[in-house]
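Engineer: Quick one: structure below, then a few questions.
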Amino acid sequence: MFLAVSPHAAPPRTRQRRPAARAGRRCAWLWILVAAAALPGRAGSSGPPVMRAALANGIRLLVSEQRAVPMVIVDVAIEAGSRLDPPGKEGLANLTADLLTEGTSKRSAREIRETVDFLGASLSSAGGVDYSSVRLTVLRKDLETGLDLLADVLRHPSFPAQEVERRRDAILAGMKADEDNPGAVASKAFLRALFAGEPYGHPAEGWPESVRKLRRADVRDFYRQWYVPARAIVTVVGDVDAQEAQLSVERYLGAWEGLAPPAPSYPQVAEPPAATVVIDKPVSQANIVLGHRGVERSNPDFYGLSVMNYILGGGGFSSRLLNSIRTEAGLAYSVASFFTVNRDPGSFQVVMQTKNATARAAIERARAEIERIRNELVSEEEIAEARQYLTGSFPLRLDTNAEIAGFLSQVEFYGLGEDYADQYARRIQAVTREEVRRVAQKYLHPDRLVLVVVGNSAETGIRP
Amino acid sequence: MRVQWIAVGLLLAGPVRAAAGGGGYAERVQERTFANGLKAIVLEDHKAPVGVLQVWYRVGSRNESPGRTGLSHLLEHMMFKGTKKYGPEEYSRIIQRNGGNNNAFTSQDATTYFAMLASDRLRVAVDLEADRMGNLVLDPALFGPERDVVAEERRLRSEDNPTAALFELVDATAYTAHPYQWPIIGWMNDIQKATRDDLEEHYRNYYSPANAFVVAAGDVDAGAFLDTLERAFGSLPRRALPPEVRSEEPPQQGERRVVLRREAELPYIGIAYHVPSFPHPDSAPLEVLASVLSGGKSARLYDALVYRKRLALAAGAWYDSKSKDPTLFTLYAQPLPGKKVADVETAMLAEVARLQDEHVEPRELQKAQNGIEAQFVFAQDSLFYQGMLLGQFEVLGDWRWIDRYLPAIRAVTAEDVRRVASQYLIADNRTVGILEPLPSRAGRPASAPASLGGPVH
């Protein structure tokens with residue numbers, strides 16, 4: 001997913017809607033933008049109210065009382081993401097997360113689904129890059145039943161052989177279906193080109209050749225090694241009393257045992273030089289990804305980069321890339337830039353689509369904007385707008401229980417601090433025009449850009 | 001992939017009902033109709049210090065005609081290109097400068113503009129919306145590039161997306177007389193040939209106060225906010241209502257089959273039946289029927305096709321009763337590699353036949369109703385979505401119908417479900433669309449530098 005600061009897992013492929021049922025939104029970028037600015041701070045003071053507790057077995061618990069709607073979300077972030085996939089077994093973390101809800105020592109896959117659906121609830125698990133997530137959404141009255149189920153899938157998954165086979169085949173088929181999505185093809189090719197040989201060098205679901213080889217024993221071993229309470233953050237948001245919620249979580253997850261293994265270090269390979277990857281596909285648009293390596297979440301320049309990227313390509317109709325490529329030239333519907341920010345350095349990307357014939361022109365415009373923001377100071381007006389948006393839109397990004405849960409889990413996972421919401425606003429406000437230029441020069445590298453173009457090569461005229 | 005509007009709007013598939021525990025919407029909403037015919041609907045919800053403003057125009061692709069499809073959506077784009085008072089794209093910049101988000105979307109029945117802001121800044125959007133309801137400037141110099149942008153949007157959404165292309169074809173086949181036959185975004189030819197004058201006419205005909213309504217929701221005082229809205233919108237002149245859409249789809253008499261052959265990795269099948277929409281009394285049983293077939297992974301289509309028979313990667317049913325005119329009830333499935341589409345179709349139709357032959361068990365019926373009810377409660381977590389629901393019901397006739405929805409769902413019996421399955425999900429009433437993949441001509445890397453680690457597929 002194109003989330004700039006949010007390493008959220010992709011949503012599970014369970015609910016599909018009729019693809020053409022609703023079309024014609026003015027633009028999809030807005031939601032990228034919303035996500036891109038995740039983890040912001042409230043302009044005035046304080047994020048959502050939260051109670052923190054550490055359980056005896058090492059679980060970190062966060063509870064936020066939100067009493068307006070009779071529902072509860074329980075979000076479990078387990079530090080067992082795809083970065084832990086052993087080489088050659090890419091996709092193992094995701095398959096493991098995927099299989100949690102497909103059978104436990106006392107419930108079959110169908111029993112789990114039947115129980116969840118009868119409550120009108122949802123219980124999903126998905127593999128992410130740094131961590132995997134299990135999320136329960138349930139009516140208040142069904143919280144205990146839901147927690148019982150959630151604890152069961154976390155603590156006692158049985159990974160039945162036939163379910164392993166089913167999910168593996170489904171993931172493989174999903175990858176095949178993804179090949180009909182040129183944007184997904186471009187995104188994967190970019191990852192492979194940029195991070196080959198590193199833990200971030202593959203999509204969480206893995207590659208077809210690695211997933212095909214995954215066996216039940218791999219899944220079981222991965223689970224045993226990494227699914228321990230000390231690697232879990234449990235976030236409860238909704239119509240609950242914080243103390244009662246803590247007691248409930250202790251009741252269902254307090255007896256969960258397991259020792260945390262030492263986390264492996266992150267092997268880094270040298271950044272590749274500038275390169276062009278061309279994938280020929282009979283489509284009407286060139287799907288373009290242009291970028292290079294980026295930064296880690298703990299980088300102190302995160303705030304300067306947030307402001308810089310808003311002006312460059314994160315700020316929708318306030319951004320330079322959109323103005324140049326869409327508004328002025330009419331070349332693309334969607335164009336945006338973002339940094340993927342994880343525990344270790346992620347990537348910087350410009351993503352856009354334009355008809356094959358104008359691919360070169362659009363790429364030139366993108367390169368020109370990257371150069372310009374490195375060379376010239378941004379205007380007073382631009383920086384003021386960026387600061388106002390990033391700090392002012394904070395409440396909008398925390399106006400649902402689901403968003404609050406995701407926010408709290410991330411703040412905890414990345415160790416951003418209890419006063420993060422306040423810190424964020426202060427730091428964004430402190431970013432100057434000079435600071436924007438400094439971070440642009442330090443973190444944007446026109447000489448190292450990796451360009452991926454998925455399109456009709458005869459029409460784009462772009463060669464590797 | 002790209003975060004779609006859909007994903008943010010929660011699950012539109014879930015129908016609607018009155019607030020769980022807290023009485024119905026009628027108790028939480030205030031409305032006022034101004035002298036110029038514009039109606040304002042305000043929902044107070046104080047759970048967060050934010051507000052959403054939505055301006056709904058009763059115009060969508062159903063108000064278009066052959067050769068001029070996509071005008072509603074094109075006009076939606078041009079609505080951001082400036083007024084007598086504000087320059088192009090100023091609207092979005094002003095909202096963002098105030099820490100807000102904004103966007104718009106077009107459906108078959110309506111065009112909606114929305115902004116989300118801290119509640120104490122919501123009036124910024126009010127003034128901007130009132131301004132562009134009356135004072136749009138359709139600058140010819142800006143029209144050309146924006147038309148190109150919409151063409152790119154169509155390439156992105158439809159042309160390069162095999163399943164979307166399939167469903168365009170299914171719609172075009174299932175409807176013969178009604179405007180729901182063409183895509184909301186319009187056919188490519190029509191987009192490229194649209195003129196500025198077409199949009200001027202569309203704006204003049206449909207963007208008048210009496211053909212629009214405003215929905216606001218959030219941390220506001222409803223009475224005071226209605227005053228704010230009346231001050232901003234009330235002075236716009238009253239204008240004549242546009243002509244009604246007269247089209248009516250005649251009953252289908254015989255199965256229609258359509259095949260789309262193009263490069264694709266996997267086949268796809270959609271089966272669409274003509275059905276009524278809300279407030280027709282059969283719409284609630286049809287919602288429950290959709291939930292029995294597709295409400296979660298224990299539902300029949302997933303359980304049979306994806307789980308037990310291992311025929312499909314995905315399978316489900318789609319029905320949105322909130323449609324102005326009769327709509328389609330659609331079954332869909334993506335076969336797994338190596339599985340025959342015909343076998344998948346047979347398995348889908350077997351599930352339909354079962355629903356016609358046997359009553360669903362009480363527990364299964366209850367499960368389907370529970371799922372719909374819970375979705376409704378979860379929807380209240382989002383201000384935006386609550387505003388959407390009010391707006392959708394108002395488009396159908398009256399936002400108060402939102403409170404009739406849940407009781408109707410709860411009243412559905414097993415016999416109702418069997419009856420609507422037998423009445424509507426029949427061969428003569430269906431259109432079957434199949435995406436038949438052609439082997440790729442390309443799909444290989446033109447060449448991959450060895451240093452990049454081999455094929456990039």
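The values are calculated or read from the model by the stated rules, or taken from the named source; none is laboratory data. Being a predicted model, the structure only gives us computed values, none of them experimental. All Cβ positions, even for glycine, are placed from backbone atoms using ideal geometry, and neighbour counts span all protein chains on display.
Engineer: Enumerate the helices (runs of 4 or more DSSP H) found wholly within the range B:341-412, keeping only those where 1 or more residues are modelled with pLDDT of 95 or more, over 29 Å from B:N211 (Cα atoms) and in contact with a helix residue (DSSP H, G or I) (Cβ under 9 Å, 6 or more places away or on another chain).
Structural biologist: Those helices (runs of 4 or more DSSP H) span B:341-357, B:362-379, B:402-410.
Engineer: Going through the range A:357-386 one residue at a time, which ones are charged (D, E, K, R) and facing another protein chain (nearest Cβ under 10 Å)?
Structural biologist: A:E381, A:E385
Engineer: Only one of these conditions is not met by A:N401: (1) more than 20 Å from B:A118 (Cβ to Cβ); (2) at pLDDT 95 or above; (3) touching a strand residue (DSSP E or B) at 6+ places or on another chain (Cβ under 9 Å). Which number is it?
Structural biologist: The failed condition is (1).
Engineer: Here is a further query. Take the residues in the range B:82-110 that are facing chain A (nearest Cβ under 9 Å) and either of a type in the set (K, R) or in contact (Cβ under 8 Å) with a residue 60 or more places away in the chain (or both), then tell me which one is nearest to B:S323 (Cα to Cα).
Structural biologist: B:Q108
Engineer: All but one of (1) surrounded by 16 or more Cβ atoms within 10 Å (Cβ to Cβ); (2) among the small types (G, A, S); (3) modelled with pLDDT under 95 hold for A:A386; state the number of the condition that does not hold.
Structural biologist: The one condition A:A386 does not meet is (3).
Engineer: Kindly list, by first and then second residue, each pair from a residue in the range B:369-388 that is at the interface with another protein chain (Cβ under 7 Å from one of its Cβ atoms) to a residue that is part of a helix (DSSP H, G or I) and among the polar types (S, T, N, Q), limited to pairs with Cβ atoms under 6 Å and residues at least 6 apart or on different chains.
Structural biologist: What qualifies is B:G371/B:S291; B:D381/A:N401.
Engineer: Still on this model: Restricting to the range A:141-167, name every residue that is within 12 Å of chain B (Cβ to nearest Cβ) and either under 25 Å from the mean Cα position of the chain (by Cα) or not charged (D, E, K, R) (or both).
Structural biologist: Keep residues of the range A:141-167 that are within 12 Å of chain B (Cβ to nearest Cβ), which gives A:141-142, A:146, A:162-163, A:165-167.
Within the range A:141-167, A:G146, A:Q162, A:R167 qualify.
Engineer: Kindly indicate the residue of the range B:413-437 that is assigned to a helix (DSSP H, G or I) and of a type in the set (S, T, Y) and also surrounded by the fewest Cβ atoms within 10 Å (Cβ to Cβ) among those meeting that condition.
Structural biologist: B:S422
Engineer: Being more than 16 Å from B:A272 (Cα to Cα) and polar (S, T, N, Q) is the filter; apply it to the range B:163-218 and report the residue that is surrounded by the fewest Cβ atoms within 10 Å (Cβ to Cβ).
Structural biologist: Looking at the filtered set, the residue picked out is B:N189.
Engineer: Take the residues in the range B:311-327 that are under 13 Å from B:E345 (Cα atoms) and over 23 Å from the mean Cα position of the chain (by Cα); name whichever of them is nearest to the other protein chains (Cβ to nearest Cβ).
Structural biologist: Across the range B:311-327, the extreme among qualifying residues is B:A312.
Engineer: Right, something else. Any chance you could count how many residues in the range B:180-221 are among the aromatic types (F, W, Y) and either farther than 15 Å from B:L75 by Cα or within 14 Å of another protein chain (Cβ to nearest Cβ) (or both)?
Structural biologist: 4
Engineer: Also, I was wondering about something else. Given the options B:A299, B:A264, name the one that is within 13 Å of chain A (Cβ to nearest Cβ), buried (at least 24 other Cβ atoms within 10 Å of the Cβ) and either over 23 Å from B:L389 (Cα atoms) or in contact with a strand residue (DSSP E or B) (Cβ under 7 Å, 6 or more places away or on another chain) (or both).
Structural biologist: Answer to the selection: B:A299.
Engineer: Also, quick follow-up: Do the conditions hold for A:P229, that is, is it surrounded by 19 or more Cβ atoms within 10 Å (Cβ to Cβ) and modelled with pLDDT of 95 or more?
Structural biologist: Here the answer is yes, as A:P229 does meet what is asked.
Engineer: So A:T340 passes all but one of these: (1) surrounded by fewer than 20 Cβ atoms within 10 Å (Cβ to Cβ); (2) under 29 Å from A:R83 (Cα atoms). Which condition number does it fail?
Structural biologist: Single failed check for A:T340: (1).
Engineer: For the range B:328-344, which positions are charged (D, E, K, R) and either within 9 Å of chain A (Cβ to nearest Cβ) or crowded, with 21+ Cβ neighbours inside 10 Å (or both)?
Structural biologist: Result: B:K339, single match.
Engineer: Quick one: is B:A427 farther than 16 Å from B:A284 by Cβ and at pLDDT 95 or above? Lay out the reasoning, then the answer.
Structural biologist: On the way: farther than 16 Å from B:A284 by Cβ: yes; at pLDDT 95 or above: yes.
Judged against the criteria, B:A427 is a match.
Engineer: Follow-up question, since we're still on this one. For the range B:95-147, how many residues meet the condition of being of a type outside the set (S, T, Y) and assigned to a helix (DSSP H, G or I)?
Structural biologist: Qualifying residue count, the range B:95-147: 26.
Engineer: Also, I was wondering about something else. Kindly indicate whether A:R387 is closer than 30 Å to A:V237 by Cα, assigned to a helix (DSSP H, G or I) and out of contact with any Asp or Glu (no Cβ under 8 Å at 6 or more places or on another chain).
Structural biologist: yes
Engineer: Which ranges mark the helices (runs of 4 or more DSSP H) fully within the range A:399-464 that have 3 or more residues being acidic (D, E), surrounded by fewer than 20 Cβ atoms within 10 Å (Cβ to Cβ) and within 14 Å of chain B (Cβ to nearest Cβ)? Before the answer, list the steps.
Structural biologist: Details: elements: A:401-413, A:420-429, A:433-443, A:457-460.
No helices (runs of 4 or more DSSP H) qualify here.
Engineer: Is it true that B:G51 is modelled with pLDDT of 95 or more and either away from chain A (no Cβ under 14 Å) or within 24 Å of the chain's Cα centre (by Cα) (or both)?
Structural biologist: The answer is yes for B:G51.
Engineer: Among the residues of the range A:108-124, is any within 30 Å of A:P267 (Cα to Cα), hydroxyl-bearing (S, T, Y) and at pLDDT 95 or above?
Structural biologist: Narrowing the range A:108-124 to residues within 30 Å of A:P267 (Cα to Cα): none.
Taking every residue of the range A:108-124 in turn, none turns out to be within 30 Å of A:P267 (Cα to Cα), hydroxyl-bearing (S, T, Y) and at pLDDT 95 or above.
Engineer: May I ask you to list the residues in the range B:303-336 that are under 19 Å from B:Q181 (Cβ atoms) and among the hydrophobic types (A, V, I, L, M, F, W, C)?
Structural biologist: B:W318, B:L328, B:F329, listed by residue number.
Engineer: For the subset of the range A:269-284 comprising residues that are out of contact with any helix residue (DSSP H, G or I) (no Cβ under 9 Å at 6 or more places or on another chain) and assigned to a loop (DSSP other than H, G, I, E, B), which member is surrounded by the most Cβ atoms within 10 Å (Cβ to Cβ)? Write out each step before concluding.
Structural biologist: Taking the range A:269-284 first, the residues out of contact with any helix residue (DSSP H, G or I) (no Cβ under 9 Å at 6 or more places or on another chain) are A:270, A:276, A:282.
When the remaining residues are screened for being assigned to a loop (DSSP other than H, G, I, E, B), the result is A:270, A:282.
Working: A:A270: 6, A:P282: 18.
Restricting to residues being out of contact with any helix residue (DSSP H, G or I) (no Cβ under 9 Å at 6 or more places or on another chain) and assigned to a loop (DSSP other than H, G, I, E, B), the top hit is A:P282.
Here is a yes/no grid of residues against (1) over 13 Å from A:P48 (Cβ atoms); (2) in contact with a Lys or Arg (Cβ under 8 Å, 6 or more places away or on another chain):
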position	(1), (2)
A:A366	yes, no
A:I370	yes, no
A:I373	yes, yes
A:L377	yes, yes
A:E380	yes, yes
A:Q388	yes, yes
A:F394	no, yes
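Engineer: While we're here: Can you find a residue in the range B:218-236 that is under 23 Å from the mean Cα position of the chain (by Cα) and either in contact (Cβ under 8 Å) with a residue 12 or more places away in the chain or under 30 Å from B:E129 (Cβ atoms) (or both)?
Structural biologist: yes
Engineer: Let me spell it out: the conditions are (1) buried (at least 24 other Cβ atoms within 10 Å of the Cβ); (2) closer than 25 Å to B:P281 by Cβ; (3) more than 15 Å from the chain's Cα centre (by Cα), and B:L383 meets all of them except one. Which number is the exception?
Structural biologist: (2)
Engineer: Further, regarding this structure: Take the range A:422-464 and flag every residue that is in contact with a Pro (Cβ under 8 Å, 6 or more places away or on another chain) and closer than 30 Å to A:S409 by Cβ.
Structural biologist: At the first step, the residues of the range A:422-464 found to be in contact with a Pro (Cβ under 8 Å, 6 or more places away or on another chain) are A:424-425, A:428, A:448, A:450, A:454-456, A:464.
Hits for the range A:422-464 are A:Y424, A:A425, A:I428.
Engineer: Could you say whether any residue in the range B:277-297 is farther than 18 Å from B:V412 by Cα, touching a residue at least 24 places away in the same chain (Cβ under 8 Å) and either over 23 Å from the mean Cα position of the chain (by Cα) or not in a loop (DSSP other than H, G, I, E, B) (or both)?
Structural biologist: The first filter runs over the range B:277-297 and keeps only residues farther than 18 Å from B:V412 by Cα, leaving B:296-297.
From what's left, touching a residue at least 24 places away in the same chain (Cβ under 8 Å): B:296.
Cutting the leftovers down to either over 23 Å from the mean Cα position of the chain (by Cα) or not in a loop (DSSP other than H, G, I, E, B) (or both) gives us none.
No, every residue in the range B:277-297 fails to be farther than 18 Å from B:V412 by Cα, touching a residue at least 24 places away in the same chain (Cβ under 8 Å) and either over 23 Å from the mean Cα position of the chain (by Cα) or not in a loop (DSSP other than H, G, I, E, B) (or both).
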